[in-house]
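Report on one structure; see the data block that follows.
Every read-out reported here was derived from the displayed coordinates using simple, explicitly stated rules and does not represent laboratory data. Just so we're clear, the structure is a prediction, and the values are computed from it rather than from any experiment. Glycine also receives a Cβ, built like all others from the backbone with ideal geometry; neighbour counts cover every protein chain displayed.
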Amino acid sequence: MDRGRAYGAKSEHWPATARSSGQRVRAADGRWILADTSSTAAYEPTRAFYRRCGYRMLSEISDFYRVTDGKIIFGKRLDRP
């Protein structure tokens, strides 16, 4: 994995991919898209990416992966029209 290279947000395909994913979740009567990542400083760019994409932090589980490395869970509510 090439973290820090900003492939996700800068990819020309990202907006279409994000819309398509949301549409598929809505079509299946889904209400949320969830994502999780590490709480370490190395993953701050990942957390910032999720926030820029409209996700909000829902929960943090301390020491999940190992001591001092928790799991942060992000979610994005897909409101139905």
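Among residues other than TRP32 whose Cβ falls under 9 Å from its Cβ, what is the net charge (Lys/Arg +1, Asp/Glu -1)?
+3
Quickly work out the ARG26-to-CYS53 label distance, labels modelled 7 Å from Cα along the C-beta direction, and quote it in nm with one decimal.
1.7
With label points built 7 Å along Cα→Cβ from the Cα atoms of ALA35 and PHE64, find their separation and express it in nm.
1.4
Report the equivalent ellipsoid semi-axes for the range 18-72 in whole Å, largest first, defined as the square roots of five times the eigenvalues of the gyration tensor built from alpha carbon atoms.
One finds semi-axes of 26, 13, 8 Å for the range 18-72.
With Cβ to Cβ distances under 9 Å as the rule, what net charge do the other residues near ILE73 carry (K, R +1; D, E -1)?
Cβ neighbours under 9 Å give a net charge of -1.
Which net charge results when you count Lys and Arg as +1 and Asp and Glu as -1 among the other residues whose beta-carbon is under 13 Å from that of PHE64?
Here the charged neighbours net out to -2.
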